[in-house]
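Worksheet: the structure to be examined is printed underneath.
The values are calculated or read from the model by the stated rules, or taken from the named source; none is laboratory data. No experiment lies behind these values; they were computed from the predicted model shown. Backbone-built Cβ (ideal geometry, glycine too); neighbour counts: all protein chains shown. Keep in mind that these areas ignore ligands, DNA and RNA; they rest on the heavy atoms of the full protein, side chains included. Shrake-Rupley method; radii C 1.70, N 1.55, O 1.52, S 1.80 Å.
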Amino acid sequence: MTAPHRAPGLAAPLDEALDQARTVADAVLFEGYVLYPYRASSAKNRMRWQFGVLVPPACTAVGGEHAEQRTDLLLEPRSGDRLHAELRFLHVRRRTVERLDPDGSYTEVPELELPDRVLVPWDEGHEERIRLHAPLAELTGDQAHARTVTFDLPPGTEHEPVLDDEGRTLGRLVRRRGRLSGEIRPYVEQLPGPYRLSRLTVTVHNTVDTPPPPHGADRDDALPLSMIGAHLLLAVEGGRFLSMTDPPEWARPAVAGLRNENTWPVLAGPADREDVVLSSPIILEDHAALANESPGPLYDATEIDEILSLRTAALTDHEKREARGTDARAAEVIDLVDTMPEAVRERLHGAIRGLREVTGEDDGTGGPTPGLALPEGSGHPWWDPQQDPEAADAPATVSIDGEAVGEGSRVLLAPGFRRTDAQDAFLRGCRATVEAVVADLDGEVHLAVVLDDDPGNDIRRQQGRFLYFKPDEVTPLREEAP
């Protein structure tokens, strides 16, 4: 499909709001597209396309996927009279690698070595966009069926030559795509009551007519005929969508009656607008936005950007060559990390969105209160007890079973069931060394410890990344006999 253009009659501010919403929608579209370490041979990349997969109806029994999405929203039309919808998804293109033989024929091979990359078979995702523009008055009653948008993307095969540095052909990439068809059905129904409130329902269906898969078929066989990362962008000029997660009190009963299937609609675009919605296959908050610190798309969003960048930078040259040959987007990640300035890398370590004193009066400045001053520079904790005159003083030691426990004491961990961190249960019975006795903002005392058998203790001590337990969750260890 072509790049987005402003629809006829679409107001400039609304078009700009949609552009901002698309930045978040792009992150949704490519969530999990290629996972660290960005190589096709990685076990993590053998199960891809985790979200928003709409398979043909005959394939729903394979892999537990669905053939349709349903989005329900509450809409106040006000002066708005047109709905703008955009369905976005990835269409799989199955890529194979062929080597050019001396006799001029091509032979499919598992890999093709080049100086800068190693080409391997891979499933690429090609972005598709299907648009709908319709007056709201035509989306009610029986006439709504006439506004159903159907699409049919034909199958095809493409060839891309692989050349060496001197322009000689070494082989070719063959990309095959399957037929993909679907439809978008919008429907508007005015709800009874004193408020001029309508329910907008938009369903997306995969309509590929294919026979049931044979016995033993798996999810991968259905992917070329599926919509991947399918989501909707919806906008109404002059109207207002109501938040599904934080609706007005008077609208809560109507929200409870909505039915969203395989999608999660949230308000999108700038925070002061209510005329754009992103219906996403993953859970988001209203007006979600990309972090300013993000250096670019890393795709494997189940990890922290800082960790991903550092681990990607540590890949060997051969691993980076394979990643570059796996996918063009993986190659961009490698180049992004290799050329990342140190200042950008430091920014990934953390950010403070805002501070306020929970129990005090707002001074109207929006900044931190004097007792919560931020140290200059980066890499410092947001709260420094030495700069907070009201901070509670932590004792040097605490008494446990009649024994003074402080820095250097050895203890046996015995976390209680009242704690919410499930990982603590795995540490029951482990030996640890106390690094410090600390007090939190509420004046409660904790013990900062490191595990005795943790090989990364030197790094934990250097970075101050300890495990924290209350005094009643440890038992002092006496000197053990040799």
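How do the pairs read when you match residues in the stretch 327-344 that are open to solvent by 30 Å² or more (accessible area, probe 1.4 Å) with residues anywhere that are of a type in the set (D, E, K, R) and in a helix (DSSP H, G or I), using Cβ under 8 Å and keeping only pairs 6 or more apart or on different chains?
Short answer, once both residue conditions are applied: ASP338/LYS320.
Which of the residues that make up the stretch 312-329 are part of a loop (DSSP other than H, G, I, E, B) and either more than 21 Å from VAL92 (Cβ to Cβ) or in contact with a Gly (Cβ under 6 Å, 6 or more places away or on another chain) (or both)? Spell out the reasoning first.
Let us first name the residues in the stretch 312-329 that are part of a loop (DSSP other than H, G, I, E, B), namely 314-316, 327.
Listed by number, the residues that qualify are ALA314, LEU315, THR316.
Would you tally the residues in the stretch 293-321 being open to solvent by less than 40 Å² (accessible area, probe 1.4 Å) and modelled with pLDDT of 90 or more?
The qualifying residues number 1.
So, in the stretch 97-111, exactly how many residues are of a type outside the set (Asp, Glu), assigned to a strand (DSSP E or B) and either open to solvent by 20 Å² or more (accessible area, probe 1.4 Å) or touching a Cys at 6+ places or on another chain (Cβ under 8 Å) (or both)? Outline the logic, then answer.
So the first thing to find is which residues in the stretch 97-111 are of a type outside the set (Asp, Glu), and the list is 97, 99-100, 102, 104-107, 109-110.
With the extra rule that they be assigned to a strand (DSSP E or B), the set shrinks to 97, 99-100, 106-107, 109.
Narrowing further to those that are either open to solvent by 20 Å² or more (accessible area, probe 1.4 Å) or touching a Cys at 6+ places or on another chain (Cβ under 8 Å) (or both): 99-100, 106-107.
Number satisfying all stated conditions: 4.
Taking into account only those residues within the stretch 132-154 that are assigned to a strand (DSSP E or B) and hydrophobic (A, V, I, L, M, F, W, C), which is nearest to HIS91 (Cα to Cα)?
Within the stretch 132-154, the match that is nearest to HIS91 (Cα to Cα) is LEU153.
Filter the stretch 113-160 for residues that are among the aliphatic types (A, V, I, L, M) and exposed (fewer than 14 other Cβ atoms within 10 Å of the Cβ); which is nearest to ARG82 (Cα to Cα)?
We begin by selecting, within the stretch 113-160, every residue among the aliphatic types (A, V, I, L, M); these are 114, 118-120, 130, 132, 134, 136-137, 139, 144, 146, 149, 153.
Okay, now just the ones that are also exposed (fewer than 14 other Cβ atoms within 10 Å of the Cβ), so 137, 146.
Working: ALA137: 8, ALA146: 15 Å.
Only one residue tops the list, namely ALA137.
Would you confirm whether any residue within the stretch 441-451 is among the charged types (D, E, K, R) and either surrounded by 14 or more Cβ atoms within 10 Å (Cβ to Cβ) or modelled with pLDDT of 90 or more (or both)?
As a first pass, look at the stretch 441-451 and keep what is among the charged types (D, E, K, R): 442, 444.
The next check asks that each one be either surrounded by 14 or more Cβ atoms within 10 Å (Cβ to Cβ) or modelled with pLDDT of 90 or more (or both); those that pass are none.
There is no residue in the stretch 441-451 that is among the charged types (D, E, K, R) and either surrounded by 14 or more Cβ atoms within 10 Å (Cβ to Cβ) or modelled with pLDDT of 90 or more (or both).
Report yes if some residue within the stretch 59-73 is crowded, with 20+ Cβ neighbours inside 10 Å, touching a Phe, Trp or Tyr at 6+ places or on another chain (Cβ under 6 Å) and over 21 Å from PRO297 (Cα atoms); otherwise report no.
yes
Which residues, counting only those in the stretch 250-303, are without any contact (Cβ under 8 Å) to a residue 24 or more places away in the chain and either β-branched (Val, Ile, Thr) or under 23 Å from GLY64 (Cα atoms) (or both)?
TRP264, VAL266, ILE283, listed by residue number.
Just one of the numbered conditions (1) farther than 27 Å from ARG88 by Cβ; (2) buried (at least 18 other Cβ atoms within 10 Å of the Cβ); (3) not β-branched (Val, Ile, Thr) is not true of LEU163; which one?
Tallying (1) farther than 27 Å from ARG88 by Cβ; (2) buried (at least 18 other Cβ atoms within 10 Å of the Cβ); (3) not β-branched (Val, Ile, Thr), LEU163 fails exactly one: (2).
If I filter the stretch 74-96 for residues that are free of Cβ contacts under 8 Å to residues at least 12 places away in the same chain and not polar (S, T, N, Q), do I get at least one hit?
Taking the stretch 74-96 first, the residues free of Cβ contacts under 8 Å to residues at least 12 places away in the same chain are none.
The answer is no; no qualifying residue exists.
Does the stretch 17-44 hold any residues that are in a helix (DSSP H, G or I), open to solvent by 10 Å² or more (accessible area, probe 1.4 Å) and under 30 Å from PRO110 (Cα atoms), and which are they?
Hits for the stretch 17-44 are ALA43, LYS44.
Would it be correct to say that PRO385 is touching a strand residue (DSSP E or B) at 6+ places or on another chain (Cβ under 9 Å), modelled with pLDDT under 90 and open to solvent by 50 Å² or more (accessible area, probe 1.4 Å)?
Details: touching a strand residue (DSSP E or B) at 6+ places or on another chain (Cβ under 9 Å): yes; modelled with pLDDT under 90: yes; open to solvent by 50 Å² or more (accessible area, probe 1.4 Å): yes.
So PRO385 passes the test.
Looking only at the stretch 18-49, count how many residues are charged (D, E, K, R) and within 21 Å of ARG117 (Cβ to Cβ). Before the answer, list the steps.
The first filter runs over the stretch 18-49 and keeps only residues charged (D, E, K, R), leaving 19, 22, 26, 31, 39, 44, 46, 48.
Filter once more, keeping what is within 21 Å of ARG117 (Cβ to Cβ): 39, 44, 46, 48.
Qualifying residue count for the region: 4.
Six or more apart or on different chains, Cβ under 8 Å: which pairs go from a residue in the stretch 21-34 that's within 10 Å of GLY229 (Cα to Cα) to one that's open to solvent by 30 Å² or more (accessible area, probe 1.4 Å) and assigned to a helix (DSSP H, G or I)? Could you list them?
PHE30/ARG329; TYR33/ARG329
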